[in-house]
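Report on the structure given below.
Read-outs throughout are calculated quantities, based only on the coordinates presented, and are distinct from any laboratory measurement. Everything numeric in this text was worked out from a predicted model, so none of it was measured. Methodologically, a virtual Cβ is constructed for each residue, glycine included, from the backbone with ideal geometry; neighbour enumeration extends over all protein chains shown.
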Amino acid sequence: MADKVFLVIGGGAGIGGHAAARFAGGGYHAVLVRRSDEEGLQRLVGQIEDAGGKASGTLLDAAADGTIEELVERTERDIGPIDTVLYNLGAQIGNRRLADTPHRTFELGWRLGCYGLFRLAHAVTPHMVERGNGTILVTSATAAVRGNSGQHSHAAAMGGRRMLCQTLNAEFAPQGVHVSHIVVDGSVDAPDTLGKLLGDRFEAYKAAKGEDGVIDPAALAETYWHLAHQPRNCWTHELDVRPFTDVPWWNDNPDPQISK
Ligand SMILES: NC(=O)c1ccc[n+]([C@@H]2O[C@H](COP(=O)([O-])OP(=O)(O)OC[C@H]3O[C@@H](n4cnc5c(N)ncnc54)[C@H](OP(=O)(O)O)[C@@H]3O)[C@@H](O)[C@H]2O)c1
């Protein structure tokens with residue numbers, strides 16, 4: 001059995017995979033979970049093992065009832081105690097008018113963005129509370145703090161996730177469980193998500209952003225490591241990150257005279 005496990009739900013080649021590699025490098029057994037790409041999953045597991053770390057992976061659809069719950073119990077029983085879990089599922093479907101957002105799409109966004117975290121919290125907090133410690137990291141997005149045109153499903157799901165993090169904090173911080181909500185307020189070099197959304201345009205998009213114009217998931221993984229190792233007298237419950245050239249979410253129309 002491992003001493004401590006880092007579990008990532010949504011472990012693709014971007015934030016999820018890099019966070020898994022960072023925690024495995026720090027002595028955790030990393031468990032990566034993604035929906036569909038067995039080859040991609042095993043590639044990430046292999047990279048961690050080649051670097052001397054411990055990792056394993058599994059495919060599952062986190063939106064389906066019962067899957068997260070079974071995963072948590074199986075991990076605790078067969079691999080080791082879940083010290084840190086990263087809920088890393090997005091709900092981005094691109095910009096769509098309300099009429100082009102079917103009810104099922106909205107519901108799926110909510111299942112991935114919000115309800116899945118609720119289910120995860122139900123499953124993992126009893127273990128963490130019993131041990132008196134644990135960390136739940138939640139990757140989020142600009143849509144958690146700002147609605148925008150075409151973002152009906154995404155913003156509703158991510159906004160709900162943010163409020164859920166706050167209420168989880170209120171209940172579980174005094175019991176030793178650190179919940180941290182990370183607003184990723186910029187594009188990430190993530191081939192399995194943004195890369196697929198943009199397709200052939202991904203490389204040109206990154207080039208147009210310029211040097212350091214896109215978030216490096218390895219750099220973000222360092223932030224996640226730090227969050228999970230803060231002393232409990234100094235916990236961060238929310239933070240936001242963006243590339244140095246991006247305009248923050250609260251200021252999308254800056255005065256060009258001042259911003260230059
Ligand atoms: N990428 C960006 O530019 C960006 C910007 C702002 C915020 N974010 C946030 O970052 C997080 C994602 O990180 P990332 O973009 O770097 O992606 P990533 O970690 O590279 O991959 C996330 C993985 O989640 C998996 N996933 C999706 N639906 C799933 C489901 N139902 N069950 C299990 N796994 C599922 C996908 O697996 P499969 O590939 O196998 O389907 C995907 O590979 C999200 O919370 C998102 O809101 C990303």
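Computed FRET efficiency, Cβ-Cβ of Tyr205 and Asn233, R0 41 Å: what is it to the nearest 0.05?
Efficiency at R0 = 41 Å is approximately 0.45.
With +1 assigned to the C-beta of every Lys and Arg and -1 to the C-beta of every Asp and Glu, and no other charges, what is the dipole magnitude of segment 1-120 about the Cα centre in debye, to the nearest 20?
420 debye
Using each residue's phi in segment 121-126, evaluate 6.51 cos²θ - 1.76 cosθ + 1.60 at θ = phi - 60° and report the 3J(HN,Hα) Karplus result to the nearest Hz, with x for Gly and Pro.
Using θ = phi - 60°, the values come out as 4, 4, 7, 9, 5, x Hz.
Residues with amide H under 5 Å of Asp240's amide H, sequence separation 5 or more or different chain, H placed in the peptide plane at 1.01 Å from N; which?
Those lying under 5 Å, H to H, from Asp240 are Val183.
Would you kindly state how much longer the chain becomes between Asp3 and Val129 on full extension, computed as 0.36 nm times their sequence separation minus their alpha carbon distance, in nm to one decimal?
Details: separation 126, 0.36 × 126 = 45.36 nm, distance 1.70 nm.
Full extension from Asp3 to Val129 adds 43.7 nm.
Give me the one-decimal nm value for the distance between modelled label points at Gln166 and Asp100, 7 Å along each residue's Cα-to-Cβ direction.
Once both label points are built, they end up 3.2 nm from each other.
In whole Hz, with x marking every Gly and Pro, tabulate ³J(HN,Hα) for segment 180-195 from phi via Karplus 6.51 cos²θ - 1.76 cosθ + 1.60, θ = phi - 60°.
These are the phi-based 3J(HN,Hα) values: 10, 9, 10, 7, 8, 9, x, 7, 10, 6, 10, x, 7, 10, 4, x Hz.
Can you tell me how segment 45-163 classifies by the Cα gyration tensor, rounded, prolate or oblate, using a/c under 1.5 as the rounded cut?
Details: a/c = 2.18, a/b = 1.85, b/c = 1.18.
Taking the square roots of the gyration eigenvalues as a ≥ b ≥ c, segment 45-163 is prolate.
For the chain, what does the relative contact order come out to in percent, with C-alpha contacts under 8 Å and a separation of six or more? Let's see the in-between values first.
On the way: 472 pairs, mean separation 50.4, N = 260.
Once divided by the residue count of the chain, the mean separation gives 19 percent.
I'm a student and want to see the number: the projected area of the Cα convex hull of the chain, averaged over all directions, in nm².
Result: 14.7 nm².
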